[in-house]
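Q: Structure in structure tokens, see below.
The values are calculated or read from the model by the stated rules, or taken from the named source; none is laboratory data. Values in this document were obtained by computation on a predicted structure and should not be read as measured data. Ideal geometry is used to build each Cβ from the backbone, glycine not excepted, and the neighbour counts take in all protein chains shown.
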Amino acid sequence: MQTGLLHLHNLLRWVILVLLVLSVVKSYTGWKHGRAFSDGDRKTWLFTMIASHITLLLGLYQWFAGRFGLLTHERPEGVSMMKSAFYRFYQMEHPVTMIVAILLITLGYGTAKKPLSDADKYKKAFRLFLTALILILIRVPWPFLQDVGRPLFPGM
Ligand code: HEM
């Protein structure tokens, strides 16, 4: 089950990235072209948030109870979390950065429901989604990263 959940966590990365790029593009063009806020925009933002929340739940499981979980894994003797690039990444940098990114995505979706002008909704959401996208891109364990790299697709 652990492996299946990790595979799902890996795959959902692509769902989030596609939806988040779409949310960034839609909020930017809406803002710049003075478009009226539509239900299509709201749904794209909503699906982005839902995908990120599912990934968050799977991530929380990995963080605490996974192969390198804080509660289930014992680091080799003499290896501290902060001094090991691997443990620092998976037990600190990746989870914390992603939680912040998911918070920003949630706030981005929240602008859809705020009593703001359409231009302000788009502008605010654009900034939040773009920041979340950058955070995710810099903290995904891409295969080319030393020590922490993981495959682009599960089981590769
Ligand atoms: C946008 C959000 C996220 C994305 C795109 C993402 C992406 C990934 C990817 C691609 C992997 C490698 C999977 C593999 O080895 O096949 C991974 C591993 C991991 N992620 Fe995330 N993640 C996200 C959020 C989170 C969050 C919020 C947490 C914790 C609260 C988390 C905790 C972990 C842990 C602990 C691992 C390593 C698990 C292991 O190797 O056993 N992730 N993540």
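Q: Every residue in the stretch 1-54 that is aromatic (Phe, Trp, Tyr) and loosely packed, with under 13 Cβ neighbours inside 10 Å, please.
A: Residues of the stretch 1-54 aromatic (Phe, Trp, Tyr): 14, 28, 31, 37, 45, 47.
Of everything in the stretch 1-54, just one residue is aromatic (Phe, Trp, Tyr) and loosely packed, with under 13 Cβ neighbours inside 10 Å, namely Trp14.
Q: I would also like to ask the following. Output yes when any residue across the stretch 96-110 is within 18 Å of Leu137 (Cα to Cα), surrounded by fewer than 18 Cβ atoms within 10 Å (Cβ to Cβ), among the hydroxyl-bearing types (Ser, Thr, Tyr) and more than 10 Å from the ligand (Cβ to nearest atom), and no when none is.
A: Looking only at the stretch 96-110, we keep the residues that are within 18 Å of Leu137 (Cα to Cα), and these are 96-106, 108.
Checking the rest, the ones that are also surrounded by fewer than 18 Cβ atoms within 10 Å (Cβ to Cβ) come to 96-97, 99-100, 103, 106.
If we keep only those that are among the hydroxyl-bearing types (Ser, Thr, Tyr) too, we end up with 97, 106.
Imposing the further condition that a residue be more than 10 Å from the ligand (Cβ to nearest atom) reduces the set to 106.
Within the stretch 96-110, one or more residues are within 18 Å of Leu137 (Cα to Cα), surrounded by fewer than 18 Cβ atoms within 10 Å (Cβ to Cβ), among the hydroxyl-bearing types (Ser, Thr, Tyr) and more than 10 Å from the ligand (Cβ to nearest atom).
Q: Picking from Ala101, Ala85, which residue would you name as being out of contact with any Ser or Thr (no Cβ under 8 Å at 6 or more places or on another chain), modelled with pLDDT of 95 or more and of a type in the set (A, V, I, L, M)?
A: Working: Ala101 fails: out of contact with any Ser or Thr (no Cβ under 8 Å at 6 or more places or on another chain).
Every option except Ala85 fails the conditions.
Q: What residue, among those in the stretch 8-53 that are more than 13 Å from the ligand (Cβ to nearest atom) and basic (Lys, Arg), is farthest from Lys121 (Cα to Cα)?
A: The qualifying residue farthest from Lys121 (Cα to Cα) is Lys43.
Q: Considering only the stretch 116-128, I want to know if a residue exists there that is touching a residue at least 60 places away in the same chain (Cβ under 8 Å), near the ligand (Cβ under 10 Å from one of its atoms) and either out of contact with any Pro (no Cβ under 6 Å at 6 or more places or on another chain) or under 30 Å from Thr29 (Cβ atoms) (or both). Reasoning before the result, please.
A: Residues of the stretch 116-128 that are touching a residue at least 60 places away in the same chain (Cβ under 8 Å), as a first pass: 118-119, 121-123, 125-126.
Restricting the remaining residues to those that are near the ligand (Cβ under 10 Å from one of its atoms) gives none.
No.
Q: Among the listed residues Leu56, Leu5, which satisfies the condition of being within 23 Å of Leu128 (Cβ to Cβ), among the aliphatic types (A, V, I, L, M), touching a residue at least 40 places away in the same chain (Cβ under 8 Å) and within 13 Å of the ligand (Cβ to nearest atom)?
A: Details: Leu5 fails: within 23 Å of Leu128 (Cβ to Cβ).
None of the others qualify; the one that does is Leu56.
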